[in-house]
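Novice: Submitted below is the structure of interest, expressed as structure tokens.
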Amino acid sequence: MICSDLLNNIKITRTTKKAVYVFLSALLLSLFVFCASSPSVRAEKETTAPSIDSVNLREAQWVYSVYTDKSNVRYAAVTRYDGGETDVAIPDTLGGVSVRVISREAFCGNKYLTSVVIPEGVSEIGKYAFRGCIGLSSVSFPSSLTSVGDGAFFGCRSITGADFSEGLTKIGSFAFYGCIHLTGASFPSTLKSIGDSAFQGCGMLGNVSFGSALETIGDTAFMGCQSLESVDLSEVSDLGAGAFMKCHSLKKAVLGDRIPEILPDTFRECGSLETVAIGSELSKIGVSAFEGCSSLQRFSGNDSLREIASVAFKDCASLQTAELGKKVEAIGVGAFSGCSSLSKFIVSEDNETYSSVNGCLCSKDGSKLIECPLGLKGTLKIGDNVREIGDYAATGCASVSKCVLGDKLSSVGRAAFLGCTDISSFSLPDSLEKIGSAAVGYYLA
């Protein structure tokens, strides 16, 4: 049609017209071939999902499907096992085609399975493939394995070990959730991500080492791993909320420079945690991140830290000092509440928001007392420049026996000295104008 329209407007001979037709047809064909082979089209072809050749084929006790991948290579996926053996070796071929995938729920709920050997060539274990196999105690993983799907071994409470070879890149969410007898896991240097709750509740899981490629550890990934003693997260950039919550034996944690934030509950109730090395890029410590870490003795913030959220260090009973770097600009309510051994705050002189006066946390200009360390003993001397004592500033300072108030003090916040049971009297300055409710007194049981 295009050729015809062009020629209708041009007066040429029949021979010339034929030549022009040939030329324009060749040009259009070239354009079509170019478009078909352009990068966008090629990319679309290359990302096409594997095609299904046949499904529900059977060989002996095995049910399988056959696919063709983007490279035009055929492979088999095990979809069901109908046999009654307790010790199973998955065949490496079915119907003459190599087995590459253990499909979703292929062995799900098989209560009689005790051991399984996954052959070389298998690269993927699908979602919930072995979920609820409560008698499964031994699994042999091939070196060809690259991915363990979500919930693949969920509730396999008898499994004792998970040794992976180089090449594995992903362990999905809930993959080994509730494997209560899992004592060891060998993670290769190629592993990039561990999903949410992947090892949650694996109470016997001991020390594990994470490779240099690991970037992501999901929410509550190792929650309740009570035998875990130390973790080195030097290369991790995405550490999930509650990732190591209730790891009661955890003593040491090393965080690398790539972690920008410790999310809520990350190390909550890790009662044995003594030392935490934080990276240079950490900017925020989330709500309850270290709550209940009763063995933690010292916290030293870096020069990138900007925020410590509410109750971040609540009930860290052994914490003695808290060092705040030059960029800290926000400290949430009760961030250090219940830290009964905390004797002083140390604040960088370059900090533009806070300062330390006689070990207490104050505003930069020293005009407001923000928080008194709970472990302070004897006399609490309020700085001479303090004009305001904030709400709850010295609540629970039970070892303070005397408080000396400055001559410029004009305001005392609510519950400021509530629970300071060793203080028997106050000498109030003439400058005082306001005293908040329950500023002094005792807790009611």
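Novice: Can you report the number of residues in the stretch 94-148 which are closer than 21 Å to P188 by Cβ, in contact with a Ser or Thr (Cβ under 6 Å, 6 or more places away or on another chain), open to solvent by 40 Å² or more (accessible area, probe 1.4 Å) and hydroxyl-bearing (S, T, Y)?
Specialist: Residues in the stretch 94-148 being closer than 21 Å to P188 by Cβ, in contact with a Ser or Thr (Cβ under 6 Å, 6 or more places away or on another chain), open to solvent by 40 Å² or more (accessible area, probe 1.4 Å) and hydroxyl-bearing (S, T, Y): 3 in total.
Novice: Moving on to the next point. Do we find a residue being under 23 Å from the mean Cα position of the chain (by Cα), part of a loop (DSSP other than H, G, I, E, B) and under 21 Å from P50 (Cα atoms) anywhere in the stretch 136-146? Write out each step before concluding.
Specialist: Within the stretch 136-146, the first condition is being under 23 Å from the mean Cα position of the chain (by Cα), and the residues that meet it are 146.
Still in the running and part of a loop (DSSP other than H, G, I, E, B): 146.
Then drop every residue that is not under 21 Å from P50 (Cα atoms), which leaves 146.
Among the residues of the stretch 136-146, at least one is under 23 Å from the mean Cα position of the chain (by Cα), part of a loop (DSSP other than H, G, I, E, B) and under 21 Å from P50 (Cα atoms), which makes the answer yes.
Novice: Of all residues in the stretch 340-355, which are at pLDDT below 95, of a type in the set (G, A, S) and assigned to a strand (DSSP E or B)?
Specialist: None - no residue of the stretch 340-355 is at pLDDT below 95, of a type in the set (G, A, S) and assigned to a strand (DSSP E or B), so the list stays empty.
Novice: Looking only at the stretch 213-236, how many residues end up being over 9 Å from I194 (Cα atoms) and open to solvent by 10 Å² or more (accessible area, probe 1.4 Å)?
Specialist: Looking only at that region, the number is 12.
Novice: I'd like the full set of residues that are of a type outside the set (F, W, Y) and part of a strand (DSSP E or B), limited to the stretch 293-309. Step through it out loud before you land on a result.
Specialist: Looking only at the stretch 293-309, we keep the residues that are of a type outside the set (F, W, Y), and these are 293-298, 300-309.
Once the filter is applied, which keeps residues that are of a type outside the set (F, W, Y) and part of a strand (DSSP E or B), the stretch 293-309 yields R298, S300, E307, I308.
Novice: Only one of these is open to solvent by less than 30 Å² (accessible area, probe 1.4 Å), within 16 Å of F153 (Cβ to Cβ) and of a type in the set (S, T, Y): Y64, Y81. Name it.
Specialist: The conditions single out Y81.
Novice: Select from the stretch 320-355 the residues that are charged (D, E, K, R) and either open to solvent by less than 30 Å² (accessible area, probe 1.4 Å) or within 26 Å of the chain's Cα centre (by Cα) (or both) and write down the one among them that is nearest to G396 (Cα to Cα).
Specialist: E323
Novice: Something else about it: I'm trying to understand the selection: among the residues of the stretch 96-116, which are in contact with a strand residue (DSSP E or B) (Cβ under 7 Å, 6 or more places away or on another chain) and either modelled with pLDDT under 95 or of a type in the set (F, W, Y) (or both)?
Specialist: F107
Novice: Find all pairs meeting these conditions: Cβ atoms under 6 angstrom apart; at least six residues apart or on different chains; first residue within the stretch 161-179 and open to solvent by 20 Å² or more (accessible area, probe 1.4 Å); second residue β-branched (V, I, T).
Specialist: E166/T190; G167/T146; G167/T190; T169/T146; T169/T190
Novice: Residue check: is N385 over 26 Å from the mean Cα position of the chain (by Cα), on the phi > 0 side of the Ramachandran plot and open to solvent by 10 Å² or more (accessible area, probe 1.4 Å)?
Specialist: No: the conditions fail for N385.
Novice: Filter the stretch 281-292 down to the residues that are crowded, with 18+ Cβ neighbours inside 10 Å and not in a loop (DSSP other than H, G, I, E, B) and list them by number.
Specialist: I285
Novice: Which ones in the stretch 265-280 are open to solvent by less than 50 Å² (accessible area, probe 1.4 Å) and of a type outside the set (A, V, I, L, M, F, W, C)?
Specialist: Within the stretch 265-280, D265, T266, G271, S272, G279 qualify.
Novice: Among F222, F187, F199, which is the only one that is at pLDDT below 95 and not basic (K, R)?
Specialist: After applying the criteria, what remains is F187.
Novice: If you don't mind, there's one more thing I want to ask. If the Cβ limit is 8 Å and pairs must be 6+ apart or interchain, which residue in the stretch 246-262 that is open to solvent by less than 70 Å² (accessible area, probe 1.4 Å) pairs with which residue that is outside any loop (DSSP other than H, G, I, E, B) and basic (K, R)?
Specialist: So the pair list comes out as P260/K284; E261/K284; I262/K284.
Novice: Answer yes or no as to whether L409 is at pLDDT 90 or above, hydrophobic (A, V, I, L, M, F, W, C) and surrounded by fewer than 20 Cβ atoms within 10 Å (Cβ to Cβ). Break it down stepwise before answering.
Specialist: Numbers: at pLDDT 90 or above: yes; hydrophobic (A, V, I, L, M, F, W, C): yes; surrounded by fewer than 20 Cβ atoms within 10 Å (Cβ to Cβ): no.
Answer is no for this residue.
Novice: Okay, moving on. Here are the criteria: (1) in contact with an Asp or Glu (Cβ under 8 Å, 6 or more places away or on another chain); (2) touching a residue at least 24 places away in the same chain (Cβ under 8 Å); (3) not basic (K, R). Tell me which single one S355 does not satisfy.
Specialist: It fails just one condition, (2).
Novice: Next question. Is it fair to say S431 is open to solvent by 20 Å² or more (accessible area, probe 1.4 Å), over 20 Å from S343 (Cα atoms) and touching a Lys or Arg at 6+ places or on another chain (Cβ under 8 Å)?
Specialist: Numbers: open to solvent by 20 Å² or more (accessible area, probe 1.4 Å): yes; over 20 Å from S343 (Cα atoms): yes; touching a Lys or Arg at 6+ places or on another chain (Cβ under 8 Å): yes.
It is true that S431 is open to solvent by 20 Å² or more (accessible area, probe 1.4 Å), over 20 Å from S343 (Cα atoms) and touching a Lys or Arg at 6+ places or on another chain (Cβ under 8 Å).
Novice: Of the residues A317, A312, which single one is open to solvent by 10 Å² or more (accessible area, probe 1.4 Å), farther than 28 Å from A213 by Cα, assigned to a loop (DSSP other than H, G, I, E, B) and among the small types (G, A, S)? Let's see the steps before the verdict.
Specialist: Details: A312 fails: open to solvent by 10 Å² or more (accessible area, probe 1.4 Å).
Of the residues listed, the single one that is open to solvent by 10 Å² or more (accessible area, probe 1.4 Å), farther than 28 Å from A213 by Cα, assigned to a loop (DSSP other than H, G, I, E, B) and among the small types (G, A, S) is A317.
The values are calculated or read from the model by the stated rules, or taken from the named source; none is laboratory data. Computed from a predicted structure; not experimentally measured. Virtual Cβ from ideal backbone geometry, glycine too; neighbours counted across all protein chains shown. All accessible areas refer to the heavy atoms of the entire protein, side chains included, with ligands and DNA or RNA removed. Shrake-Rupley method; radii C 1.70, N 1.55, O 1.52, S 1.80 Å.
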